[in-house]
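K.L.:
Take this structure, written in structure tokens, and hold onto it; I'll ask about it next.
The values are calculated or read from the model by the stated rules, or taken from the named source; none is laboratory data. Since we're looking at a predicted model, the values are computed, not measured. Methodologically, a virtual Cβ is constructed for each residue, glycine included, from the backbone with ideal geometry; neighbour enumeration extends over all protein chains shown.
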């Protein structure tokens, strides 16, 4: 494990309450039970209508912010979905949906990757997940996703909205999907369930949240007392492990996927990334030096290369 990831483990264990995992416990039974419902990955999503609100023109790219009313099963505070679109000023025929990581509020982190993609002539669209940023349900000093049931609604909502966005933009662009950590996992689901060929580049991603929450660094923050004690570990393992890209058939375009992993990643077990790579027969797995935090900070050009290469590969299938 990279030293920075080791330090992060200590912060998650001893840091502020907002870093605690599931401080509200299980939540409602219906939300928890939904974790085993694979149909929520693939059921039809309705058309969305995006209202564009702001445009910013820069030297080599433009930025637009938009909103749409979600159809997903989320709390009222999260009903208005927010997106940001970054495109080369000269235009593009390629657009990549960049999904959000755990505790990723706003667009700043992903926008840095979007600017790397501009160098490849690729645009980006970023969705703010339910429960985060302007869609937050809890206070600023609280965990944004307080219960297991909320985690289910956040995840399924992000997948559904991501799929709707991919379809919305597919009439004008060749589409791709990517994201870091949890965003990589969600992007893998969106890509596998897209229904048509898309570039796929999950970055530091597991096939499922189960191994991440129970075997990685983030496990240090789980509030077992709120869940009923550590005797609930097997129940949580089953609940989170039931949400997996491996339960979806590998799409016909899986061989065009490029996955990226960190050699010393303390958050994402190596086996969890390898399982996704093996499930997507013909995909490529690139292992880079670094841990979870340092990979995100130092390897953005490599991430952009992986996304661009997946676009190239999917076009010749």
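K.L.:
Being farther than 23 Å from residue 151 by Cβ, surrounded by 13 or more Cβ atoms within 10 Å (Cβ to Cβ) and modelled with pLDDT under 95 is the filter here; which residues of region 31-56 pass it?
P.N.:
Taking region 31-56 and keeping what is farther than 23 Å from residue 151 by Cβ, we get 44, 46-56.
When the remaining residues are screened for being surrounded by 13 or more Cβ atoms within 10 Å (Cβ to Cβ), the result is 48, 50.
Within region 31-56, no residue meets the criteria.
K.L.:
Residue 187: within 26 Å of residue 290 (Cα to Cα) and part of a loop (DSSP other than H, G, I, E, B), yes or no?
P.N.:
Working: within 26 Å of residue 290 (Cα to Cα): yes; part of a loop (DSSP other than H, G, I, E, B): no.
No; evaluated as a whole, the condition is false for this residue.
K.L.:
I'm checking my understanding of the structure. Among residues of region 183-213 that are more than 20 Å from residue 125 (Cβ to Cβ) and touching a strand residue (DSSP E or B) at 6+ places or on another chain (Cβ under 8 Å), which one is surrounded by the fewest Cβ atoms within 10 Å (Cβ to Cβ)?
P.N.:
Of region 183-213, the ones more than 20 Å from residue 125 (Cβ to Cβ) are 204, 206-213.
Now restrict to residues that are touching a strand residue (DSSP E or B) at 6+ places or on another chain (Cβ under 8 Å): 204, 213.
Numbers: 204: 28, 213: 25.
Here the answer is 213.
K.L.:
So, in region 11-28, exactly how many residues are assigned to a helix (DSSP H, G or I), in contact (Cβ under 8 Å) with a residue 24 or more places away in the chain and touching a helix residue (DSSP H, G or I) at 6+ places or on another chain (Cβ under 9 Å)? Walk me through it before giving the result.
P.N.:
So in region 11-28, the residues assigned to a helix (DSSP H, G or I) come out as 11-14, 17-19.
Applying the additional criterion that residues be in contact (Cβ under 8 Å) with a residue 24 or more places away in the chain yields 12-13, 17-19.
Checking which are touching a helix residue (DSSP H, G or I) at 6+ places or on another chain (Cβ under 9 Å) leaves us with 12-13, 19.
Counting residues in region 11-28 that are assigned to a helix (DSSP H, G or I), in contact (Cβ under 8 Å) with a residue 24 or more places away in the chain and touching a helix residue (DSSP H, G or I) at 6+ places or on another chain (Cβ under 9 Å) gives 3.
K.L.:
While we're looking at this one, here's another question. Which condition number does residue 59 fail, the rest of (1) in a loop (DSSP other than H, G, I, E, B); (2) at pLDDT 95 or above; (3) more than 27 Å from residue 220 (Cβ to Cβ) being met?
P.N.:
Result: residue 59 passes all but (2).
K.L.:
Now for a separate question. Do we have residue 146 as at pLDDT below 95, more than 13 Å from the chain's Cα centre (by Cα), farther than 25 Å from residue 314 by Cβ and not in a helix (DSSP H, G or I) here? Talk me through it step by step, then tell me what you get.
P.N.:
Details: at pLDDT below 95: no; more than 13 Å from the chain's Cα centre (by Cα): yes; farther than 25 Å from residue 314 by Cβ: yes; not in a helix (DSSP H, G or I): yes.
It is false that residue 146 is at pLDDT below 95, more than 13 Å from the chain's Cα centre (by Cα), farther than 25 Å from residue 314 by Cβ and not in a helix (DSSP H, G or I).
K.L.:
Which of the residues that make up region 226-248 are in contact (Cβ under 8 Å) with a residue 60 or more places away in the chain and out of contact with any helix residue (DSSP H, G or I) (no Cβ under 9 Å at 6 or more places or on another chain)? Before you say what the answer is, go through the steps one by one.
P.N.:
At the first step, the residues of region 226-248 found to be in contact (Cβ under 8 Å) with a residue 60 or more places away in the chain are 226-228, 236, 239-240, 242-243, 245, 247-248.
Answer for region 226-248, where residues must be in contact (Cβ under 8 Å) with a residue 60 or more places away in the chain and out of contact with any helix residue (DSSP H, G or I) (no Cβ under 9 Å at 6 or more places or on another chain): just 226.
K.L.:
Return the residues of region 244-268 that are buried (at least 24 other Cβ atoms within 10 Å of the Cβ) and at pLDDT below 95; say none if nothing qualifies.
P.N.:
Within region 244-268, 265, 267 meet the criteria.
K.L.:
Take residue 159 and tell me if it is more than 21 Å from residue 192 (Cβ to Cβ), in contact with a helix residue (DSSP H, G or I) (Cβ under 6 Å, 6 or more places away or on another chain) and buried (at least 19 other Cβ atoms within 10 Å of the Cβ).
P.N.:
Working: more than 21 Å from residue 192 (Cβ to Cβ): no; in contact with a helix residue (DSSP H, G or I) (Cβ under 6 Å, 6 or more places away or on another chain): yes; buried (at least 19 other Cβ atoms within 10 Å of the Cβ): yes.
Criteria not met by residue 159.
K.L.:
Considering only region 111-135, state which residues are closer than 28 Å to residue 20 by Cα and either in a loop (DSSP other than H, G, I, E, B) or touching a helix residue (DSSP H, G or I) at 6+ places or on another chain (Cβ under 8 Å) (or both). Reasoning before the result, please.
P.N.:
First, pick out the residues of region 111-135 that are closer than 28 Å to residue 20 by Cα: 111-113, 126-135.
Scanning region 111-135 gives 112, 113, 126, 127, 128, 129, 130, 131, 132, 135.
K.L.:
If you go through region 115-139, how many residues are free of Cβ contacts under 8 Å to residues at least 40 places away in the same chain and surrounded by fewer than 21 Cβ atoms within 10 Å (Cβ to Cβ)?
P.N.:
3
K.L.:
Continuing with the same structure: Here is a check on your reading of the model: is residue 292 at pLDDT below 95 and within 27 Å of residue 9 (Cα to Cα)?
P.N.:
Numbers: at pLDDT below 95: yes; within 27 Å of residue 9 (Cα to Cα): yes.
Answer is yes for this residue.
K.L.:
For region 74-109, which positions are free of Cβ contacts under 8 Å to residues at least 24 places away in the same chain and either surrounded by 15 or more Cβ atoms within 10 Å (Cβ to Cβ) or part of a helix (DSSP H, G or I) (or both)?
P.N.:
Across region 74-109, the qualifying residues are 76, 107, 108.
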